[in-house]
Amino acid sequence: MCSMVRLSLYCIRLNLNIAIIKMVQNSTEDNALNVTLTTTATWSKIIKTEIPRYAWDEKTRQIILGAAYYGYSLSALLGGMVTHRLGGKRVILFSLLSSSILTALIPWSAGVSSNLLIVLRVLDGMAQGLHNPAMLGILANWSVAHERSTLVSIGYFGVALAEVICNPMSVWICSAYKLGGWPLSFYTYSAFGSVTAILWTFIIYETPDEDPCISSKEVEYLKGFDTEDGEKNKKISVPWLSMLKSSAVWAVVIAYTSNVFSFTFLITEAPIFISEVLGFNLKTIGWLMSILGIAECLFGLLSGVCADLFIRREMLTILQARKLFTILSMGLSAFLLICIGFFRDNAIVCLIMLILAFGLLGCFNTCFIANVLDITKHYSSVIVGIMSCLGGSTGFIGTSLFAALLKIKNTHDQWYLMFKINAGIQLFGLTIFLLFAKAEEQFHSIEENISKQEMKSYNSINDTSAEVVDTEE
């Protein structure tokens with residue numbers, strides 16, 4: 001269900017990357033504002049379907065694409081704090097329903113003005129920003145150390161699956177003028193998100209103890225690895241000072257932010273690069289973007305399974321496994337992005353390198369997402385909130401930087417410069433993670449904090465009792 005939620009939300013997010021090609025007047029597929037569909041000879045009339053198109057320049061298009069990330073970065077930290085108090089189930093439900101409703105309003109808002117569409121995208125980003133910390137908060141309740149990489153990889157698998165399903169489906173819907181064209185794509189994903197929200201409401205439980213369908217054997221198994229009381233945990237305040245001073249926390253935050261910068265840039269801008277620089281048509285782009293998603297699926301799942309296998313067989317420690325797959329992910333991806341510039345005259349080689357570079361980024365779940373649960377299980381949602389807050393900001397920073405570089409037109413040199421910037425940011429994040437990452441609990445255990453609070457209460461009661469005895473004497 002976590003994977004299905006991610007699938008729903010990322011289909012909503014990715015759809016605009018394809019739909020905007022059809023929403024803008026200068027689409028290479030069709031330059032007409034009013035698309036006339038002529039039926040076969042068996043029909044006696046011409047069906048005219050008017051699909052709105054807009055005269056947005058490159059700057060406006062990039063602002064629209066990046067607007068959601070403003071909201072995403074604003075609400076992510078709030079999502080972590082609310083999850084810490086209320087749990088992840090309700091937060092994810094609110095996030096999914098809100099995003100689905102706002103998505104259904106996009107065709108209307110685009111017809112009113114581009115500014116209204118940008119505002120709606122910011123609100124949608126705020127709704128989606130809540131879910132990421134809540135997702136890890138729920139997974140923390142259901143995971144154990146030697147299964148963590150695999151569980152997180154499956155839970156986050158919906159992102160890659162969205163890339164496989166959404167891109168060709170969005171291309172097909174946006175090209176289906178008789179059915180309504182690009183507006184229908186937003187209504188479709190809105191409906192899918194709403195159905196997912198209903199299933200989430202009735203299927204998901206916050207903890208194993210609350211699930212009426214789970215076996216007692218599995219509950220005992222999970223409890224055997226968990227020494228924390230979830231209800232008491234909610235009463236303990238977040239150790240903000242210790243968290244902000246922890247090098248291990250900043251290692252995962254910086255590595256995640258570096259990864260997300262490249263991931264967001266590639267998933268948002270790759271359709272434009274493949275279309276306008278490599279020269280592929282829109283239908284081909286949809287399938288090529290699916291191949292990018294398949295590569296991410298394979299690398300993401302295999303890295304999670306392999307990491308847990310190495311840990312269970314004691315071939316690697318948890319920290320060694322995290323660092324190894326971070327090198328394979330960010331290091332190799334950066335190398336491939338740099339290599340694209342040396343094969344600018346060969347579109348096929350550039351495309352293969354782009355697919356591999358993007359796929360390798362999918363290993364991030366095994367690396368620093370799982371590492372958050374290594375360093376603190378209880379405060380994981382708060383740390384992911386910090387990560388998503390900074391990582392979300394890279395969405396609009398990247399698109400703004402890209403728009404500034406493409407003031408004149410898309411050229412291979414400008415794209416190569418962006419690829420080198422992405423590679424440099426990845427290598428920076430990789431270096432920080434290798435130097436400062438840890439895999440041990442970084443904060444005082446919750447039980448220790450509870451014991452201190454209970455001891456204070458006990459001492460307070462004893463002091464009060466002593467005063468009463470003295471008074472009676």
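The values are calculated or read from the model by the stated rules, or taken from the named source; none is laboratory data. Bear in mind the structure is a predicted one, so any value in this text is a computation, not a measurement. Note that we place each Cβ from the backbone using ideal geometry, even for glycine, and neighbour counts take in every protein chain shown. Ligands, DNA and RNA are stripped out before the accessible areas are found, and what is left, the full protein with its side chains, is counted by its heavy atoms. Shrake-Rupley method; radii C 1.70, N 1.55, O 1.52, S 1.80 Å.
Here are some notes:
- Note on Leu302 and Arg85: the model spin-label points, each 7 Å out from Cα along the C-beta direction, lie 4.5 nm apart.
- Built amide H within the under 5 Å cut-off of Val24, gap 5+: Tyr54
- Solvent-accessible area, 1.4 Å probe, carbon plus sulfur percent, for region 96-156: 75 percent
- For region 255-379, the Rg and Dmax computed from alpha carbons only, in angstrom: 16.1, 51
- Computed FRET value (nearest 0.05) for Leu78 with Gln320, which takes r as the C-beta separation and R₀ as 41 Å: 0.75
- Dimensions of region 100-174 along the principal axes, based on C-alpha atoms and rounded to the nearest Å, stand at 52, 27, 15, largest first.
- In the context of the full set of protein chains, region 83-133 has a per residue accessible area of 37 Å² (1.4 Å probe).
- Ligands, DNA and RNA are left out, and with a 1.4 angstrom probe the accessible area of region 343-403 is 23 Å² per residue.
- Taking 7 Å steps out from each Cα toward its Cβ at Asp413 and Trp172 produces label points 4.2 nm apart.
- Over 21 Å (Cα to Cα) - which of Lys89/Lys377; Lys377/Lys438; Lys323/Lys420; Lys89/Lys438; Lys22/Lys420 fall in this group: Lys323/Lys420; Lys89/Lys438; Lys22/Lys420
- Efficiency of FRET from Cβ geometry, Leu244 and Leu435, R₀ 22 Å, rounded to 0.05: 0.75
- Measuring only protein heavy atoms, the 1.4 Å probe finds Val195 accessible over about 80 Å².
- Using the Cβ of Gly158 as centre and a radius below 15 Å, the other residues enclosed give a net charge of 0, where K and R count +1 and D and E count -1.
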